[in-house]
Each structure stands twice: as structure tokens, then as C-alpha cells.
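Values in this text are rule-based calculations from the coordinates and carry no lab data. Everything numeric in this text was worked out from a predicted model, so none of it was measured. In this analysis, Cβ positions are derived from the backbone assuming ideal geometry, glycine residues included, and neighbour counts consider all displayed protein chains.
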Amino acid sequence: MPKQVLLCPPAYFDVVDRKNPYMLGKSPVDRAKAQQQWQALCSALERAGCQVETIAPVPGLEDMVFAANQVFVGFHKGLGKFIVPSRMLHPSRQREVAFYVDWYLQHGFKIIEVDLGADYLEGHGDLLWHPDWSLIYAGYGFRSTLGGVEKFSHAMSKLDIPVVPLHLVDPYCYHLDTCFCPLNNEAILIYPAAYAPESLATLRGFWKRMHHLTADEAHKFMGNGIVANGSYLTPYVTPHLDAILRQEGLTPVIVDTSEFEKSGGSLFCMKTLLP
Ligand code: ARG
């Protein structure tokens, strides 16, 4: 079975406000270039053996291209495939959620509604499965709140799925997926300075090999890559990262995301892996 991934074409992609420190608006988005880069990502995913599904973009939803954030996608033996809808911090992004929920409903996913109250939870920006789908790592601090992660954790405990909260402290790593990238069941790429000390200590217990990105690598989204069939799709590579990847049996594949980086996102943020 090929890995299935969900993406959204960048037809209305733009940078119109400052949701994170990358969104400086210094140079405007080149939408034609964004479209080419997105197409190249789809091709790279297909070459790496993935099947690409798409959701229709909606006018006015300038961040909808970041398909990782609107819901959390899970699988449970008893329940089958399910989603937990996000409550996004930014109102413009909150409007994306209903469109994604519809897509998942039409594709046979069950919904687990978590009453988040005034808390926030941002899907796979902050909630990441262990590669064997045995537990979930949950970042909080900038987008998802600790309360949101606790409410989510309570809902997952009913399915016997453990959740590991991780406190994020670097504004350039405002989502967990910018500083946390499992390479296989035993090895992970992290940017250590993105975590509060006690969270970093917790994380160490779960991995045999923790590879550290430098600040420059992390802030250029080299930890926001996609692992697929022996490839590591990444927007850039350094000799240091290249050596780590080779040690883990992965081959780097460069996919340019310069237009999307203007919005604070790269490869991992632009797709959701479907179970
Ligand atoms: N401009 C988007 C935002 O700030 C980028 C989201 C990136 N997504 C991610 N999973 N890191 O919300």
C-alpha cells in the first residue's frame, strides 16, 4: 500500500498578516512560483511512492495550503480512522477547519470532538505520532495551549493512546513540526534549543538516537522534512544533515519551498499523512 497524503493547491496562497516571525512581508509571494514549487512537491512525493490526494482551495483562505494543521488524523484498532478538529489561534485559519472536516467526513473518517473551550490545538503542527503510531507527541506554548493538549490527551486516554506534552520556547519553532522529525522508530532529528529543559529530558527517554540540528538548519526548516520510502524530502541540506541522513539510511531529496517559507512553513506543513 503506498502512503497516502493530503495536500491543498496554493491557488489563493498569500502572506497578509504576521502569524509567526517568518511572515515579514519583505518580498511579496510569487504565486506562479508557489504553484510550481507545490507541483514539484507533489511530483517528489509521487516519486517517493506516495499517493497524493487533494482538497479544493477556498478563496480568502490564504494559509489553507498548510494542510497539516486543520485536524489531527489518527487510527485506532477499534474505531478505525478518525480526526480531531483543531481550534486554530488565528481567526482566518479557524475558517479552514470546516472545509477539511468535510473532506475527511467524505473519506470515511470518524470525528472525535474535543471541547477545547478557550484553548487552542493546531493539528499536526503540534501533534505528531511516533512512527509506529503507538503514542503522540504534543507541542504547546505558541499555538496549541497546554490546556488544549491536556484536553486532547484526556480524549486519547479513552482510546489508550498516550500523549507526551512538550513545551516549546523558540518563537521560530512555534509548531512542534519545525523542530521534531522522526526518521524511523529509533531515531529523530530535533532542534534542542526549541524545548524547555524538562521537555527535552522527557523526549530523550523515547529515542535511541537523537540527532541535533543547528539553529541555522532548524530555522531553515531542515527539520520540517518528509520521510518517504528511504528519501528525506527537505528544502535544503548541509553536509552535517547529509551525514545524519546517510547514517539513518536516508537519501536527501531537495524540494524548494522558498515561497512558503515566507509564511513560516515548509514541506511537512504542506501535507497530512493519511492512515
Ligand atoms: N502561515 C502559517 C501559520 O502561521 C504557517 C503554518 C505552517 N504549518 C506548520 N505545520 N508548521 O499558521
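Lys and Arg at +1, Asp and Glu at -1: add these up for the other residues within a Cβ distance under 15 Å of T214 and post the number.
Taking every Cβ under 15 Å from that of T214, the sum is -3.
Using only Cα atoms, what Kirkwood radius does the chain have, in angstroms?
Working: mean 1/r = 0.0539 Å⁻¹.
One decimal place: 18.5 Å for the Kirkwood radius.
Work out from phi, with θ = phi - 60° and the Karplus expression 6.51 cos²θ - 1.76 cosθ + 1.60, the ³J(HN,Hα) of each residue of segment 183-195, listed in order in whole Hz, and give x for Gly and Pro.
9, 6, 5, 10, 10, 9, 9, 9, 10, x, 5, 7, 10
For the pairs K110/K262; K3/K151; K81/K220; K208/K271; K81/K271; K81/K262, note any where the Cα-Cα span goes beyond 25 Å.
Long pairs (Cα-Cα over 25 Å): K110/K262; K3/K151; K81/K220; K208/K271; K81/K262.
Among N185, S86, F221, which residue has its Cα furthest toward the positive end of the charge dipole of the chain, with +1 on Lys/Arg Cβ and -1 on Asp/Glu Cβ?
The Cα lying farthest towards the positive end belongs to N185.
Let me have the relative contact order for segment 98-229, percent, based on Cα pairs under 8 Å that are six or more residues apart. Working shown, then result.
Values: 205 pairs, mean separation 25.9, N = 132.
Answer for segment 98-229 is 20 percent.
State, to one decimal in nm, how far the label point of L146 lies from the label point of L24, with both points 7 Å from Cα in the Cβ direction.
It works out to 3.3 nm between the two label points.
Per the chain: cysteines with no other Cys C-beta under 4.7 angstrom?
C8, C42, C50, C181, C269
Between segment 196-275 and segment 93-113, what's the alpha-carbon centroid distance in Å?
About 27 Å separates the Cα centre of segment 196-275 from the one of segment 93-113.
Quick check: pseudo-label points 7 Å beyond the Cα along Cα→Cβ at S43 and L135, how many nm apart are they?
4.1
Stokes-Einstein D for segment 198-275 at 20 °C, 1.002 mPa s, Kirkwood Rh over Cα pairs, in µm²/s?
158
What area, in nm² and to one decimal, does the C-alpha convex hull of segment 1-160 cast on average over all directions?
10.0
Quick one: if the Förster radius is 45 Å, what FRET efficiency do D216 and L159 give, using the C-beta to C-beta distance and rounding to 0.05?
Approximately 0.70, to the nearest 0.05.
With only Lys, Arg, Asp and Glu charged, each at its Cβ (+1 for the first two, -1 for the last two), find how big the charge dipole of segment 41-176 is about the Cα centre; round to the nearest 20 debye.
Values: 10 positive and 15 negative charges, 47 e Å.
Its charge dipole is roughly 220 debye.
Would you mind getting me the FRET efficiency between N229 and R204? Use the beta-carbon distance for r and R0 = 45 Å, nearest 0.05.
My answer for the efficiency is 0.95.
Could you compute the net charge surrounding V15? Neighbours are other residues with a C-beta less than 12 Å from the C-beta of V15; K and R count +1, D and E count -1.
Once all neighbours under 12 Å are counted, the net charge is -2.
Just to be sure I understand the model, the point goes 7 Å from the Cα along the line to the Cβ. What's the resulting K77 to S258 distance in nm?
5.0
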